[in-house]
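The values are calculated or read from the model by the stated rules, or taken from the named source; none is laboratory data. What you are looking at is a predicted structure, and each value in this text was computed from that prediction instead of being measured. Don't worry about glycine lacking a Cβ; one is built from the backbone with ideal geometry, like all the others, and counts go over all protein chains shown.
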Amino acid sequence: MSAFVSAAPWTGVGRPVGVNRGLPGRKRGMAAQRLRPCPARCPLPGCVCQPVDLPPTFSRCTPVATGGSPTSEHTRITDKSVLFHSSASIYSSFHPSTFVLGRYVRIHDRPSRQSAREQPPSTPTNELLSLATDTRGQAFPYDHIEQWLAATMADLGGEQAIASRIRSPHMNPSSARRLGLTVAARTNRIPWLVERKEVAFVGCLAKFVADPALAAALVATAAGPAGPRRLVGATQQEREWGVGLSIDDPGVEDPSAWRGENLLGVALERVRDVLLAQVAA
């Protein structure tokens, strides 16, 4: 059952229910309740938010519940899941979000040979990122997770020229993915298949650590009626990073019905565990 609870923290859904264009009689009433622009910089107009208490360094906000389905163009929140399916969703690998990282270091090439993803969640985030990346070499700015994934795939495949192209400023996500697929088609994919879960975790961690508002939204998804909500990449065409089902598919919340691995959702859930542990510490 889909539901918004008025006391629930902001979870990145963008415009709250009732503000969607084409719903007569709602927009004026919602606009009258506006307090200030959304501190999480929702990509859609009309978000009405109220500040709520949060641990230091986080800024959460509360969507105003007006009934109906809690669905935006890109994200749907239910009792059990957060379903996301386009670049407008903050959970998407295509969503604009700037962070800086050095080159990824393979697990077996690290002095400790340890996975950052498998460290205790309470481990400081800077230590986790330092464990998995080259902190002595050049650091690169990334505009979205897709750029990080594709550039790292190229690095692991020994395609340095393509990696440099992917890291070009203002590289759009679709172009980054196409270049990444070029690498996948002509190189040995085994290194990537071994490292991809760790790569996704490291990139997502860097993204959310770099933006406290996004971090607060991700942390807020843990407050489901039945426990932490599952993060689900609900895209029919995506079977590696998503579940291979559309956001409206009846089986999208049933892992037994999934046609994909949902690796991005899994990485986001692990990042959420880490952020929650940082607050608790």
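Candidates Gly251, Gly260: the one that is in the same structural domain as Ser81 (by TED's automatic domain parsing), in a loop (DSSP other than H, G, I, E, B) and closer than 30 Å to Ile107 by Cβ is Gly260. Sub-9 Å Cβ pairs linking a first residue in segment 94-114 that is touching a residue at least 12 places away in the same chain (Cβ under 8 Å) and surrounded by fewer than 20 Cβ atoms within 10 Å (Cβ to Cβ) to a second residue that is among the hydrophobic types (A, V, I, L, M, F, W, C) and part of a strand (DSSP E or B), at least 6 apart or interchain, are Val100/Ala139; Val100/Phe140; Gly102/Ala139; Gly102/Phe140; Arg103/Ala139; Arg103/Phe140, ordered by first then second residue. When we screen Ala226, Ala216, Ala206, Ala222 for residues that are within 13 Å of the chain's Cα centre (by Cα), among the aliphatic types (A, V, I, L, M) and not assigned by TED's automatic domain parsing to the domain that holds Leu129, the only hit is Ala216. The residues listed here are Thr57, Thr125; of these, the one that is at pLDDT 90 or above and farther than 20 Å from Asp249 by Cβ is Thr125. Note on segment 222-246: residues that are touching a helix residue (DSSP H, G or I) at 6+ places or on another chain (Cβ under 8 Å), surrounded by fewer than 24 Cβ atoms within 10 Å (Cβ to Cβ) and part of a loop (DSSP other than H, G, I, E, B) total 4.
Got a sec? Which of Ser93, Ser130, Ser97 is among the polar types (S, T, N, Q) and outside any loop (DSSP other than H, G, I, E, B)?
Working: Ser93 fails: outside any loop (DSSP other than H, G, I, E, B); Ser97 fails: outside any loop (DSSP other than H, G, I, E, B).
Of the residues listed, the single one that is among the polar types (S, T, N, Q) and outside any loop (DSSP other than H, G, I, E, B) is Ser130.
Taking the stated definitions as given, is Gln278 more than 22 Å from Ile77 (Cα to Cα) and surrounded by 15 or more Cβ atoms within 10 Å (Cβ to Cβ)? For Gln278, the condition - more than 22 Å from Ile77 (Cα to Cα) and surrounded by 15 or more Cβ atoms within 10 Å (Cβ to Cβ) - is met.
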